[in-house]
Amino acid sequence: MALPIATALPGVAHAQGAVPAPVFEAAPTADDGNIEFSADSVTYDSEADFVTATGNVRMERDGNYVAADRVTWSRVSGEVRAEGNVVVLNPQGDKLIGENVVLSDTLRDGTIENLLIVLESGGRIAARRGTRIGDQATLENAVYSPCPVTTESGCPRRPSWSITAARVTYDPANSRVRFSGGRLQLFGITLPLLPVFSVGTGEDKGGISGWLVPDISYSNRNGFEIAFPYYRRLSSDRDFTITPHLYTGSLPAIEARYRELNRLGAFQFGGFLTYGRVDNADLIASSTTGRRRDIRGYFEANGKAQLNPLWSVTTALRMATDKTVTRRYDITRDDRLRNFVNAERISPNSYVSVAGWAFQGLRADDVQRQIPVALPAIDARVRIDPSAIGGIVELQANSLAILRLDGQDTQRAFASARWDLRRITSFGQELTLTAFTRADAYHTDESAETAVAIYRGEDGWHYRGIGALAADLKWPFIGPMFGGTQRLVPRVQLVLTPPTPNLEIPNEDARAVDLEDSNLFALNRFPGYDRWEDGSRITYGVDWNLDRPNLSVSTTIGQSYRITRRPGIFPEGTGLTDRFSDFVGRTRIRYGRLVDVTHRFRVDKDNFAVRRNEVDLTVGSTETYAQIGYLRLNRDISPTVEDLRDKEELRFAGRLKFARYWSIFGATVLDLTNEAEDPLSLADGYVPVRHRLGLNYEDECIELGVSWRRDYERFGDFRKGSTFSIRLSLKGLGR
């Protein structure tokens, strides 16, 4: 081993700058290497073979770095003693700070008095005495915390949480801190812990195996619940979590989740399993039949595989054993579970999708055998640039097969072509010309099984040709106003389309039709493909925008007029039944980041009754805010049209940050629908749907929350009731 020193004289050497120096040969070691050494002053005792360095001493070997005010080194024993403002840095980036440090000449092993370890992840370990052998450090009478110990102004502060122990072992290779005789200090309160346990430091970004912080809650249905998640890291790209759930009001449950990232893509799957009483979602059946006990569970899986730069396969699978298990155990609030597998090819000018879809209904009136399965669902599109005529041409081919165990079956195939040409006239108008054509083929069986007559169509084969020509003209006017800039854009659209057969075609995907600002100028205002809006029409409207510093206002309003006298096929109440449509529009006002309000409306053309009234208002900052949402649909649609129910709903949500780390939040949803609006509704004009209220504390290293939620929705003999939850997250623990 060689020891380079900046300068040297017999007896006493003073080192300054980078002047070449003689080399002292040290006793050979098992790990032969060089120590990079610099200091303001160096003294060498040749008889004792002893080196003393003072003033800005810096030593480095194999990534181990030492800085101190004074260092003495015995070349005979290999002992290095550092004193005064000692800092030891290891290759992992951890910093050891002490006043009196004794190391071997590897600068790795040794003993430190009054030690402070600053971990690369930001955590700190303080101890009266520590010993390091290799990469492991063993500490006595130590305290560990990832929290800041000083304020922004540099004043001392008590960490939100810390762990004290008689003995602590720090293993950076495994990102573990092991405690013997540990106690948890939480906001100054001492809590007992296991005699021997360990935590992750958070340095290993992939996570390490171990128990996670438990979740605690209480609900009317399940009583007190405590969940103990255990995380197992299988490799850098695979992990597994298993969570036992213990309840005082129900039998235990087990939850598991597996995740993997491989060369094809990422996927995960998990499940929940228990045994208990099955709540009946059918209120009538529940009053006449007894409650049974059975295995209850939920399964889900999703992932995406990128087979090559163009082709990928995406899947999502979800399944529940019964209609209420997901609500009872707080798995999901969805009222239907969607399953699909979709193979896609995406390129800059083409798209191909081959998919299969299936659904599980969780609503009280869902009959699973009547819910369709779509297999296969194929959609292919290609976009070409015809230089001869200009514009863009899009070609599409689509096929779909819908199957039901009980009910109507439908198969569909079509091919279409659409040409769009956009030009700016000499007067500054934006003109878009569109030509569209489509050929359809349908086949259906057992149409009489569909309860709603306008959805059935007729059994057998049916063919349909669709064509449309459209011209869309916008004329923007821009100028100053109120200290800002305004834009006034009148718009008119002409759509010419011949009469098209519709009613003999089954309607599977175009049921929830309603006139809105988003589809006012659409070529076909039916959603989906099974219905086509025939009859030529003129649509007109105006957009207006005002932009000022911190203020933005945008509004749009419009109406359409059907040129032909032929009766339309829209259900009564959609706003599109007569030759003149209802008026629809949207207004949005934003004032900086403080106020954001959006209002959507539809006004009856005959009596100016408000058929749609929707308001979304947000006031406040990201930390303190209030949100109000109101929706009323007053369309007077026939009760037989099941997809277009009228409703009235009011939503409130808010968060108040009343201290630096403290906040309170809440939310509520109220169903204001009455029998006059929806004859099938069970609401009486004021029925709470759900309430939520919580208190939260969050600083740099801990998050603590207490929340209450009450669900009023009833499914047969099941009602969730109240749920109280306690959430504790100790930041800096890793996994």
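The values are calculated or read from the model by the stated rules, or taken from the named source; none is laboratory data. Keep in mind the model is a prediction, meaning the values are calculated, not measured. Positions of Cβ are backbone-derived with ideal geometry, glycine not excepted, and every protein chain shown enters the neighbour counts. What goes into the accessible areas is simple: the full protein's heavy atoms, side chains included, and nothing from ligands, DNA or RNA. Shrake-Rupley method; radii C 1.70, N 1.55, O 1.52, S 1.80 Å.
Ranked by the mean number of other Cβ atoms within 10 Å of their residues, highest first, the peptides 420-433, 346-359, 215-228 come out as 215-228, 346-359, 420-433. The overall shape of region 412-487 is oblate: from the C-alpha gyration tensor, with semi-axes ordered a ≥ b ≥ c, the ratio a/c is 1.5 or greater and a/b is no larger than b/c. Were the residues from Arg333 through Leu728 laid out at 0.36 nm apart, the gain over their Cα-Cα distance would be 139.9 nm. Computed over neighbours whose Cβ is under 12 Å from that of Leu617, the net charge equals 0, Lys and Arg +1, Asp and Glu -1. Among 392-402, 68-78, sorting by the average number of other beta carbon atoms lying within 10 angstrom of each residue, highest first, gives 68-78, 392-402. Heavy-atom surface analysis with a 1.4 Å probe gives region 256-409 a carbon and sulfur content of 61 percent of its accessible area. For the peptides 616-628, 320-332, the ranking by packing is 320-332, 616-628, with the highest mean count of neighbouring Cβ atoms within 10 Å listed first. If you count Lys pairs in the chain whose Cα atoms are under 30 Å apart, skipping same-chain pairs closer than 8 places in sequence, the total is 12. Computed per residue of the chain from DSSP H runs no shorter than four, each worth -39500 (n - 2.57), the mean residue ellipticity at 222 nm is 0 deg cm²/dmol. Entry comment: accessible area of the chain is 51 Å² per residue, from protein heavy atoms only and a probe of 1.4 Å. The Cα center of region 538-565 and the Cα center of region 50-97 differ in position by 74 Å.
Relative to the present Cα-Cα distance, how much length would full extension add between Trp544 and Leu473 at 0.36 nm per residue of separation?
Full extension from Trp544 to Leu473 adds 24.0 nm.
Using R₀ = 45 Å, calculate the FRET efficiency as 1/(1 + (r/R₀)^6) where r is the Cβ-Cβ separation of Ser77 and Val149; round to 0.05. FRET efficiency, Ser77 to Val149: 0.75. Summarising the label geometry, the points placed 7 Å from Cα in the beta-carbon direction at Trp311 and Ala439 lie 2.9 nm from one another. Here the Karplus curve 6.51 cos²θ - 1.76 cosθ + 1.60, taken at θ = phi - 60°, turns the phi angles of region 40-56 into couplings of 6, 9, 10, 10, 10, 9, 5, 5, 8, 6, 10, 10, 10, 10, 9, x, 6 Hz, with x standing for Gly and Pro. Each other residue within a Cβ distance under 10 Å of Tyr630 adds +1 if Lys or Arg and -1 if Asp or Glu, for a net charge of -2. Could you tell me whether region 215-371 comes out rounded, prolate or oblate from its Cα gyration tensor? Rule is a ≥ b ≥ c as square roots of the eigenvalues, rounded for a/c under 1.5, then prolate if a/b exceeds b/c, otherwise oblate. Here region 215-371 falls in the oblate category.
The H on the amide N of Ile563, modeled in the peptide plane, is under 5 Å from the matching H of Ser536, Arg537, Ile538, each at least 5 residues off or on a different chain. Tell me the label only: which of (i) 244; (ii) 256; (iii) 197 is volume of the Cα convex hull per residue in Å³ as calculated from this structure? Matching the structure shown: (ii).
Within the accessible area of region 46-99, the carbon and sulfur atoms contribute 46%, probe 1.4 Å, all protein chains present.
Solvent-accessible area assigned to carbon and sulfur over region 497-542 amounts to 62 percent, based on a 1.4 Å probe. Region 109-182 and region 332-351 have Cα centres lying 49 Å from one another. The solvent-accessible area of Leu234, taken with every protein chain present and a 1.4 Å probe, is close to 80 Å².
Just the isolated ones, please: cysteines in the chain lacking another cysteine beta carbon under 4.7 angstrom. Lacking a cysteine Cβ partner under 4.7 Å: Cys155.
Other residues whose C-beta falls under 14 angstrom from the C-beta of Arg690 contribute a net charge of +3, scoring Lys and Arg +1 and Asp and Glu -1. Converting the Cα gyration tensor eigenvalues of region 26-180 into ellipsoid dimensions via √(5λ) gives semi-axes, longest first, of 30, 17, 13 Å. Take the Cα coordinates of region 598-735, assign each an equal point scatterer, and use the Debye formula without solvent to give log10 I(q)/I(0) at q = 0.10, 0.13, 0.19 Å⁻¹. Values returned for q = 0.10, 0.13, 0.19 Å⁻¹ are -0.50, -0.75, -1.14. Distance between the modelled labels on Phe658 and Thr131, one decimal in nanometres: 5.3 nm (7 Å Cα→Cβ projection).
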